[in-house]
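Okay, structure first, notes after.
The values are calculated or read from the model by the stated rules, or taken from the named source; none is laboratory data. All values derive from a computational prediction rather than experimental measurement. Cβ sites come from the backbone with ideal geometry, for glycine too, and all protein chains shown count toward neighbours. We work out accessible area using only protein heavy atoms, side chains counted, and drop any ligands, DNA or RNA first. Shrake-Rupley method; radii C 1.70, N 1.55, O 1.52, S 1.80 Å.
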Amino acid sequence: MTSTRRMAAYTAAASAAASDGPYRFTQRVTALPRLVRDVLLGRWHGLSRRRLALMALAVLYIVSPIDLVPEMFLTIPGLADDAVVAGWLVTALIGATSAYLTWDDTAAYNGATYPGHHPRVVPGEVITG
């Protein structure tokens, strides 16, 4: 990845970390593999497989040395297209991880379990003496 692309990715990540709402940046990052797994297995319907594929293509576009508008010839527009794609990707990831983590917390609260998922709330009752 070129230094300008790396800088755009770092800037987008810093922006996401600064405005991460109720969930921390690390929670969002660690939730991504579970989010992808649950979308592909059809457990979570808050994100379509098509949108997940678009996010994967956006990552490949940012990382790829082949560009729609090359930086070598057109510096500003070449950086701008990467910044637009990175901005869309970060925004989409923030929205998807927020919705997924909310769903995951609700599923854990309701006692829904599936292999590899450990609920944060154990169903039970309070015994008063």
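The gain in end-to-end length when the Ser64 to Glu125 segment is fully stretched comes to 16.6 nm, 0.36 nm per residue minus the alpha carbon separation.
Note on Ala80 and Arg43: the model spin-label points, each 7 Å out from Cα along the C-beta direction, lie 4.3 nm apart.
The accessible-area ordering, largest first, of the residues Trp103, Trp88, Trp44 stands as Trp88, Trp103, Trp44, per a 1.4 angstrom probe.
First select every other residue whose beta carbon is under 12 angstrom from the beta carbon of Leu41; then total the charges, Lys and Arg +1, Asp and Glu -1.
Working: positive: Arg34, Arg37, Arg43, Arg49; negative: Asp38.
Summing Lys and Arg as +1 and Asp and Glu as -1 gives +3.
Contour minus end-to-end for Thr106 and Leu52, with contour as 0.36 nm per residue of separation and end-to-end as the Cα-Cα distance? Display every interim value, and only then the final one.
Values: separation 54, 0.36 × 54 = 19.44 nm, distance 2.20 nm.
So the extension gain works out to 17.2 nm.
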